[in-house]
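The values are calculated or read from the model by the stated rules, or taken from the named source; none is laboratory data. As the structure is a prediction and not an experimental result, all values here were calculated from the model. Cβ coordinates were reconstructed from backbone atoms using ideal geometry, including for glycine residues, and neighbour counts include every protein chain displayed. We work out accessible area using only protein heavy atoms, side chains counted, and drop any ligands, DNA or RNA first. Shrake-Rupley method; radii C 1.70, N 1.55, O 1.52, S 1.80 Å.
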Amino acid sequence: MTKRMVYQTEATRDKIINIAEALFIENGFADTQMKDIAAATGMSRNTLYRYYQDKYDLGFAILVVVLKRKIDRYDAIMKKIEAGHFVSILAGLKVLMQAYSDVQYEDDDRFIAEFDGYYAGSRIPTEFREKLTQLLPDTVSQSLTNIVTLGQKEGSIRTDIPAAYVAVTLFNAVPTFFRRMLLRRDALMEIEQDAIPQLTPILIQLLLDGMKPSPQT
């Protein structure tokens, strides 16, 4: 193991990750092989395998990089919400949900969708959740729950649904829907293609409306 690590550099690791992510997005996770990545990076397969033992190992490394980048952005927005930078907690959550579906970062979402689509069901490695938990901060869901709780106390968010349930729903609903729209843009049967970019903002508005307290009667 020590001998293999001697020849590794962070610059080469970053190069592999950047090129591989682009290939996975362009060609799909299933149809991109390690030999394709080696060719695109200009290195031999033996050299590539010194860094990553297989396609899953490489894909997982990219996933961690992408998720860390996203989590850093979400954390910054949540800190602003907690600090009272918005007129209400609900208004701050709208900004957060828009960040979940920011087209500026859609390549990252395309990769996550490709990875999730390939490693689903019986393909999910047994150690996946434990390994991801070890490498990523576990504060996101709790921070979001805390924010929803603040909104309930403030009065901008309904109180009849537990804050944790609201937080988990928000954190999964918008990114999952957005990624599906990215992957199915050319094949979505339910609506014309030029209307698809409008659908995630509609989902966000429906979620926001659904979080509001019911009018007092």
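Mind pulling the angle between the C-alpha long axis of helix 10-27 and the longest principal axis of the chain? Nearest 10 degrees, somewhere in 0 to 90.
70 degrees
Provide, as a two-decimal number, the C-alpha radius of gyration of the stretch 140-194 over 2.2 N^0.38 Å, N being how many residues it has.
1.53
In square angstrom, what is the accessible area per residue of the chain with a 1.4 angstrom probe?
On a per-residue basis, the chain sits at 58 Å².
Using the Kirkwood radius over Cα pairs, work out the Stokes-Einstein diffusion coefficient for the stretch 30-153 at 4 °C and 1.567 mPa s, in µm²/s as a whole number.
Stokes-Einstein gives a translational diffusion coefficient of 77 µm²/s.
What fraction, in whole percent, of alpha-carbon pairs in the stretch 15-73 exceed 19 Å separation?
24 percent
Scan around Leu136 for amide H atoms under 5 Å from its own, H built in the peptide plane at 1.01 Å from N, and keep only partners 5 or more places away or cross-chain.
Placed amide hydrogens put nothing under 5 Å from Leu136.
Can you give me the convex hull volume of the Cα atoms of the stretch 90-217, divided per residue and expressed in Å³?
Spelled out: Cα convex hull of the stretch 90-217, divided by residues, is 147 Å³.
With no solvent and one equal point scatterer placed on each C-alpha of the chain, evaluate the Debye formula and give log10 I(q)/I(0) for q = 0.08, 0.14, 0.15, 0.16 Å⁻¹, two decimals.
-0.36, -0.95, -1.05, -1.14
For the chain, the longest stretch holding no GluC sites (Glu not before Pro) located in a DSSP loop with at most 15 other Cβ atoms within 10 Å is which?
Counting only loop sites that pass the neighbour cut-off, the longest clear stretch is 1-126.
Considering the options Ala61, Ala20, Gln152, tell which one lies farthest towards the positive end of the dipole of the chain, charges being +1 on Lys and Arg and -1 on Asp and Glu at the Cβ, about the Cα centre.
Farthest towards the positive pole: Ala61.
Can I get the semi-axes of the stretch 95-167's equivalent ellipsoid? Compute them from the C-alpha gyration tensor as square roots of 5 times the eigenvalues, in angstrom, largest first.
Here the semi-axes work out to 29, 17, 12 Å.
Within the stretch 63-78, what residues put their amide N at less than 18 Å from the label point 7 Å along the Cα-to-Cβ vector of Ala91?
Answer for this model: 77-78.
Could you give the nm distance between label points at Ala40 and Thr126, where each point is 7 Å from its Cα heading toward the beta carbon?
3.2 nm
Spin-label point model (7 Å from Cα, Cβ direction): what's the Val103 to Glu190 distance in nm?
About 2.0 nm, to one decimal.
With angles folded into 0 to 90 degrees, how steeply does helix 106-118 sit against the dominant principal axis of the chain? Use alpha carbons for both and round to 10.
Long axis of 106-118 versus the principal axis of the chain: about 70 degrees.
Which angle from 0 to 90°, rounded to the nearest 10, does the C-alpha axis of helix 55-82 make with the longest principal axis of the chain?
So the helix axis and the longest Cα principal axis differ by about 30 degrees.
Determine the distance separating the Cα centre of the stretch 30-50 from the Cα centre of the stretch 134-173; give it in Å without decimals.
Going from one Cα centre to the other spans 41 Å.
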